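Read-outs: derived from the displayed coordinates by stated rules, not from any lab. From a predicted model like this one, the values you see are computed outputs, not experimental measurements. Counting neighbours? That spans all protein chains shown, and the Cβs are built from the backbone with ideal geometry, glycine included.
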Amino acid sequence: MVDKSVLDRIIKKNPGETEFHQAVTEVYNTIQPALEKHRKYRDEKIFERIAEPERQVMFRVPWLDDEGEIQVNRGFRVQFNSALGPYKGGLRFHPSVYLGIIKFLGFEQVFKNSLTGLPMGGSKGGSDFDPKGKSDKEVMRFCQSFMNEMFRHIGADTDVPAGDIGVGGREIGYLFGQYKKLVNRWDGVLTGKGLNWGGSLARTEATGYGLVYFLEEMLKVKKENIKGKTAISSGSGNVSIYTVEKIHQLGGKVVAVSDSGGYVYDKDGIDVNTLKDIKEVHRGRISDYIKKHPKAEYHEGSTKIWNLKADIALPNATQNEIDKKSAEILVKNGVIAVAEGANMPSTIEAIDVFHEAGVLFGPAKAANAGGVATSGLEMAQNSQRMSWSFEEVDARLKDIMKNIYEQSYKTSVEYGQKGNLVVGANIAGFTKVADSMIDQGLV
Ligand code: NDP
Ligand code: 2IT
């Protein structure tokens, strides 16, 4: 029987953190078969312990804008769980960031990192700073100030941050430079570094490519593949761009991408070079796409992208971008598979709609784990003072994604819910962390 009081207590203890409540609720409800089967998890109060971060830091980030005006933002680093290895997880810079967002992301990261099979604990951080519209110098001053506090909490064997929304190569560079200056040591303390200074080949591509490798595995159940399929990939940042690239390499066609302003529909398939030019080179808006491709259409309203018809839906922008209604429309339009590149992009109700309709569903913590897995490979290369070829990293990434799929599928079968990858991934991720926590005693 589900002991609802556990969840009630966690929710009450963390008031107002709605995204965190959602993530905790989803995991708790789906791991029940494991809690039933292994009494020790309840006796050891593993879920109660796992839902409480080991440590969380909030700090002031003051910086000077280009007008010489003082700005003050808030910084976060939530170190959730170190049972499996050093804390590991990205940084998000977005005006919507508050403790509840960082905690939901950190909580998810614990299980995701467990699924990769690499020795990484889970953490997340970020700030309510908005890099959009800021000059490079402003971003640099912000990042330096952010690191002036964060450096004392992280380290190559302690906690290794990386990118997430609003944090890419530019930000990692400024953060890394300041860390190095503060500690007077070259450490592999961040991942997603530049290729000249310790970064890994294929890290930039890893989340999107990994998502598509996972999708390929999912489709095999229906004896399907990507060739000839149409897809929607929301967002137009790091994850979406490399999802589009890989889908096209495998003979599929992504017909729509978006940003927070709206979406572009291109029936001939989104031109990935235009996408990279707009987003990576010019930091522009997706509406610019139609300047180069006048036959494509731009529509305002980002979530309307889910009204389009396609075989495959890949939510690659942000949390809760697919609600029940959008899920119902996707199902009505004949979607056969949904794989989540973003973190928690589908609401719990939307996931139910997909499952009930028999749509193949790949949950974020399994499907988008390729990014952090490749960060793990970057850490390994840094420790060895080596760098591997693109082909080697890509092959390892593919292997890891295949393995995550198999673990999730096998676990869904073992716990009597064949093909439910939410149950499979959550239980597989959870049990490994839980067993490790028990091994390590009450700490
Ligand atoms: P980017 O900052 O590169 O791109 C984010 C994209 O999503 C942009 O197109 C942005 O539009 C859009 N977006 C962000 N917030 C919103 C919002 N509130 N409403 C509508 N659109 C929004 O980030 P990433 O591509 O790195 O991250 C995308 C998702 O993938 C996130 O959920 C992240 O947590 C997840 N993820 C990222 C990994 C990585 O390695 N980078 C790894 C695993 C998961 P706009 O520019 O208009 O804001
Ligand atoms: O959500 C995620 O997994 C990421 N943003 C990547 C984290 C990482 O450490 O590479």
Worksheet item: To one decimal place, what orientation-averaged projected area in nm² is obtained for the convex hull of the Cα set of segment 192-239?
Response: 4.3
Practice prompt. List, in the order given, every pair from Lys220/Lys276; Lys292/Lys324; Lys223/Lys291; Lys324/Lys402; Lys12/Lys324; Lys325/Lys432 whose Cα-Cα distance in the structure shown is over 32 Å.
Written response: Lys292/Lys324; Lys223/Lys291; Lys325/Lys432
Fill in: Cβ-based exposure ranking for Tyr87, Tyr409, in which fewest neighbours within 10 Å come first
Tyr409, Tyr87
Item to complete: For every helix of n ≥ 4 consecutive DSSP H residues, a contribution of -39,500 (n - 2.57) applies; sum these over the chain, divide by its total residues, and give [θ] at 222 nm rounded to the nearest 500 deg cm²/dmol.
Response: -14500 deg cm²/dmol
Discussion item. How large is the convex hull of the C-alpha atoms of segment 379-432 per residue, in Å³?
Written reply: 83
Worksheet item: What whole-number value in cubic angstrom gives the convex hull volume per residue for the C-alpha atoms of the chain?
Response: 137
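If eta is 0.890 mPa s and T is 25 °C, what Stokes-Einstein diffusion coefficient results for segment 301-443, Kirkwood Rh from Cα pairs, in µm²/s?
In µm²/s, the coefficient is 147.
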Worksheet item: Using alpha carbon centroids, what distance separates segment 389-415 and segment 335-371, in Å?
Response: 17
Worksheet entry | Over segment 207-303 - Rg/Rh using Cα atoms and the Kirkwood inverse-distance radius | 0.98
Response to the item:
Note on the chain: contact order normalised by length, alpha-carbon pairs under 8 Å, 6 or more apart, percent, works out to 15
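What share of the DSSP beta bridges in segment 1-160 is antiparallel, in percent to the nearest 5?
So the antiparallel bridges in segment 1-160 amount to around 75 percent.
With both partners inside the chain, how many of the DSSP beta bridges are antiparallel, as a percent to the nearest 5?
In the chain, DSSP labels about 55 percent of beta bridges as antiparallel.
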Item to complete: Calculate the translational D of segment 57-106 in whole µm² s⁻¹ from Stokes-Einstein, where the hydrodynamic radius comes from the Kirkwood formula applied to all Cα pairs, the temperature is 25 °C and the viscosity 0.890 mPa s.
Response: 194
Item to complete: Send over the Kirkwood Rh of segment 1-60, from the inverse of the averaged 1/r over different Cα pairs, rounded to one decimal Å.
Response: 12.5
Discussion item. Can you sort Ser5, Ser233 from fewest to most other Cβ atoms within 10 Å of each residue's own Cβ?
Written reply: Ser5, Ser233
Worksheet item: Rg (Å, one decimal) plus Dmax (Å, integer) for the alpha carbons of segment 1-128?
Response: 16.7, 61
Response to the item:
So the compactness index of segment 60-190, its C-alpha Rg divided by 2.2 N^0.38 Å, takes the value 1.02
Item to complete: Give me Arg185, Arg203 ranked fewest to most by other Cβ atoms within 10 Å of their Cβ, as a rough exposure proxy.
Response: Arg185, Arg203
